[in-house]
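Take a look at the structure set out below.
The values are calculated or read from the model by the stated rules, or taken from the named source; none is laboratory data. Everything quoted here is computed from the prediction, not taken from an experiment. Glycine gets a Cβ as well: all are built from the backbone with ideal geometry, and neighbour counts include every protein chain shown.
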């Protein structure tokens, strides 16, 4: 369907309207620079040379920006206190759509570090761990696996994800899409918990975009096919301009900031079996 | 294009003015957002001058639109997405309808999109048996009520909580409540089922970035993220002008968009979509289509008077300050776009002659330019449209207005160059005006035709008993005596 006659005519009309020869295309290099600008370099230097005091200031800014958005931020000392917070939420909150309490989480070292599996298993609460699809699966089997994972995500009242970055200025968590890290985990459950390391906090979108465009470590993946900015729980003011949280996405959102070094990380515990119900509810 | 009702502007405006509920809702909205946006611009770290920077970014993007769209399309195709360039509304709609037919779509969930209102997508999909559900809460309310949006960002601003309550009792079968959180939750429950069952997600595009090859959408509710994540097919519709070259430029525009639209530093959900999901991914659509819509935009592009209008990113900040919009409401503008942006863009998209009242109805007070997140000179274009309507313009299908106005000015010029005749007429008018109905302070209530239009809603100052020249001569005489 692509690049047919209709498309040629579309571009001819467009170029004529721009006062250009309808068939000619031009070089576009000046529009898409191949090298970082002076401003980009300044931003990259600011990120890489950030002092401990500046990082503390960023955390303070993040707290200040999060409060009016109803985004609950906790800076925790280590995995143990992060686990406590998650377990407290599991105990206190009730599933919005009824049914049993269930959790869903990305398969990610930071989330494994929480060690949720055992305490949840003791309470008989299922913890679903998402996983990438085997590209060798036949289409029907892949469709079936997708359906299975989606129904578990939809049935969970809490979804736990990490984030690629966090922006202090706007209290935004930034998620790139990756196999095994379904974006609906941050969307369908009523409560979204995101985990980040302190070092993942940037000042603002300017820094983020400078990194995604020019920093070797991040450039390859770039924005990924689906980049999400999430700044607090879902909300609406469409009925008489009254603010209500929980329009379609999560009603509550928690951001847990872990220090860059966590000595209490559990070791020897292998990654959860992909999406197997036994993972949590043994 | 379906549903153009611009000819009914005067009638609909009168209805809007007579509606006290609408007036109250709009003045509340303008009070909050109008002031808040101005304050948000002032608080920008770069200062309010960032709007001028944004204007320059938009001008550059528009001047290179062909290159940006080529790059955007190449990137999206490289990621496995489909891009369709539609010259007309009909082409855009039939492409979308064809995708829906091919994929056997029964249920489509839709994020708020003005361009799909513009091209009239919903009725065509409905006609082929697709249930199309609007999922923005405001849009959902007016869809249930069988109405059209009255504001770009707050489409159901004209509905009271009581009206919403009755609507939900009737359509969703919930117990009666006027509590906004409970009403919102009822819609949340009903729409969640739709999201999980839908085969097709439809969205607009707030801005696209050519460099990376992503479209982006902004919402507070999360409905667009749902619609672009859960169904197996996603079609995004984009006015062809909604693209910028680079991410650093995008960053500036996004910040201004959120401030202009709803006085926010950033919308709750901003999503950048560059293609369908990859084979190993669990969610996301397996097909992604981007439909780039011209539908009259290239005509605006070709006309230097109106090219600037393509810089608009539909934040709706101009609606929130416009004294005319604030009184007549969005329905009077008779099309998807209302307020000052509608007064310029609707006639240009749907016919200048048909939509002439829209630009004549605005006051030219200039508030829209000050509020515009992209610093667009809307008043200039309103004047251009008026000039075009008076002088005629074949390229926009407008004939000159009979030359009556020109002849009147010529007559006036003749009169003022003959002082004797002019004064004689003034004296005659001073005498004759006594026959007309008068109000307070001697002001004339009604003028006879052809001037009666002027006094329809205001009084006319009476001609002074004494001419200025006579009075001047008398005063000099008196001063001389003193």
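Of all residues in the range B:396-412 being in a helix (DSSP H, G or I) and touching a helix residue (DSSP H, G or I) at 6+ places or on another chain (Cβ under 8 Å), which is nearest to residue B:344 (Cα to Cα)? If you could, list the steps in order and put the result at the bottom.
Filtering the range B:396-412 down to residues in a helix (DSSP H, G or I) leaves B:396, B:404-412.
After this cut, where a residue has to be touching a helix residue (DSSP H, G or I) at 6+ places or on another chain (Cβ under 8 Å) as well, the list is B:396, B:405.
Working: B:396: 13, B:405: 23 Å.
Among those residues, the one meeting the criterion is B:396.
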| said: For the range B:431-482, which positions are under 40 Å from the mean Cα position of the chain (by Cα), in a helix (DSSP H, G or I) and loosely packed, with under 13 Cβ neighbours inside 10 Å? | reply: B:440, B:456
| Residue check: is residue A:114 free of Cβ contacts under 8 Å to residues at least 60 places away in the same chain and in a loop (DSSP other than H, G, I, E, B)? | no
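Is it fair to say residue B:94 is crowded, with 24+ Cβ neighbours inside 10 Å and farther than 19 Å from residue B:232 by Cα?
Details: crowded, with 24+ Cβ neighbours inside 10 Å: no; farther than 19 Å from residue B:232 by Cα: yes.
It is false that residue B:94 is crowded, with 24+ Cβ neighbours inside 10 Å and farther than 19 Å from residue B:232 by Cα.
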| message | Being more than 7 Å from every other protein chain (Cβ to nearest Cβ) and either closer than 20 Å to residue B:205 by Cα or modelled with pLDDT under 95 (or both) is the filter here; which residues of the range B:278-299 pass it? | response | B:285, B:286, B:287, B:288, B:289, B:290, B:291, B:292, B:293, B:295, B:296, B:297
| List pairs: first in the range B:64-88 and free of Cβ contacts under 8 Å to residues at least 12 places away in the same chain, second assigned to a helix (DSSP H, G or I) and surrounded by 22 or more Cβ atoms within 10 Å (Cβ to Cβ), Cβ under 8 Å, 6+ apart or cross-chain? | B:66/A:14
| query | Among the residues of the range B:331-360, how many are part of a helix (DSSP H, G or I) and within 20 Å of residue B:118 (Cβ to Cβ)? | reply | 19
| Subset of the range A:243-260 [more than 7 Å from every other protein chain (Cβ to nearest Cβ) and either free of Cβ contacts under 8 Å to residues at least 12 places away in the same chain or in contact with a helix residue (DSSP H, G or I) (Cβ under 8 Å, 6 or more places away or on another chain) (or both)] | A:243, A:250, A:254, A:255, A:256, A:257, A:258, A:259, A:260
| message | Restricting to the range A:19-47, name every residue that is closer than 19 Å to residue A:258 by Cα and out of contact with any helix residue (DSSP H, G or I) (no Cβ under 6 Å at 6 or more places or on another chain). | response | none
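This table checks each residue for (1) more than 7 Å from chain B (Cβ to nearest Cβ); (2) in contact with a helix residue (DSSP H, G or I) (Cβ under 7 Å, 6 or more places away or on another chain).
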{"residue": "A:161", "(1), (2)": "yes, yes"}
{"residue": "A:171", "(1), (2)": "yes, yes"}
{"residue": "A:175", "(1), (2)": "yes, yes"}
{"residue": "A:204", "(1), (2)": "yes, no"}
{"residue": "A:217", "(1), (2)": "yes, no"}
{"residue": "A:235", "(1), (2)": "no, no"}
{"residue": "A:241", "(1), (2)": "no, yes"}
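Is one or more of the residues making up the range A:31-43 within 14 Å of chain B (Cβ to nearest Cβ), assigned to a loop (DSSP other than H, G, I, E, B) and touching a residue at least 24 places away in the same chain (Cβ under 8 Å)?
Let us first name the residues in the range A:31-43 that are within 14 Å of chain B (Cβ to nearest Cβ), namely A:31-43.
Among the residues that remain, those that are also assigned to a loop (DSSP other than H, G, I, E, B) are: A:31-37.
Those left that are additionally touching a residue at least 24 places away in the same chain (Cβ under 8 Å): A:36.
Checked against the condition, which is being within 14 Å of chain B (Cβ to nearest Cβ), assigned to a loop (DSSP other than H, G, I, E, B) and touching a residue at least 24 places away in the same chain (Cβ under 8 Å), the range A:31-43 yields at least one hit.
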| query | Looking at the range B:165-247, what strands (runs of 3 or more DSSP E) fall wholly within it and have at least 1 residues that are within 7 Å of chain A (Cβ to nearest Cβ)? | reply | B:214-219
